[in-house]
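Beneath this line is the structure, given in structure tokens, with notes to follow.
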Amino acid sequence: MKNIRKGLYGKRRFVKGLSLIELMITIAISIIPTSLISVLLISGQYSWDKTYSQTNKQIEIEGQLAASIFGRVGRKATRNNCSFAKIIKDGSSDIIRAKEVTFQYWCTGEATNTMVAETAKFWLDANQLKVDYQREGNPNTVVLANNVSQVEFSRNANQGCVRMVLKLQDVTGADSYNETVTITAAAFMRG
């Protein structure tokens, strides 16, 4: 706004600038959108941190790795070369449920460069999901996931698909609202 002052000789003179009241009103008005933007930025950062820590938990990574390996190995086998052990009895005759599954498939031998049989047995040992590979008489056991509370393999008798339901327990206790992670994977076997 323009302020009018009288000069030395009585002439009106316009003074450029803001008064203190105008400056205070401008600052008060600019604080409102600034505070709203800062609240949005802080809540966005909090949501990002929460989502990032949730998806990058060690049990989440181990579960996804186990599901990936299970699917990859199962795709190598045919439906006739899949066997179950430690079968769980329930009333259904169409669905086979078990605690262990073994896939047998053919691959190229390292020493002879001919086709040899390889097996992969998925099973739960205490709280670890393990896979036992057997190739040319050489056994190899690999731990796929730790802190496993339950694993179940199932297959419809008429289907060429084996399903794995894997439950992992978060022992760190950092997030009490999400202590168990359930991973479901399917291995689609060849005809």
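Every residue, every condition in (1) of a type in the set (A, V, I, L, M, F, W, C); (2) touching a strand residue (DSSP E or B) at 6+ places or on another chain (Cβ under 8 Å), yes or no:
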{"site": "E22", "(1), (2)": "no, no"}
{"site": "I29", "(1), (2)": "yes, no"}
{"site": "L36", "(1), (2)": "yes, no"}
{"site": "T51", "(1), (2)": "no, no"}
{"site": "Q54", "(1), (2)": "no, no"}
{"site": "K57", "(1), (2)": "no, yes"}
{"site": "E62", "(1), (2)": "no, yes"}
query: Does the range 50-69 contain any residue that is more than 27 Å from D170 (Cβ to Cβ), outside any helix (DSSP H, G or I), modelled with pLDDT under 80 and in contact with a Ser or Thr (Cβ under 9 Å, 6 or more places away or on another chain)?
result: no
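The values are calculated or read from the model by the stated rules, or taken from the named source; none is laboratory data. All of these numbers come straight from a predicted model, not from anything done at the bench. Note that we place each Cβ from the backbone using ideal geometry, even for glycine, and neighbour counts take in every protein chain shown.
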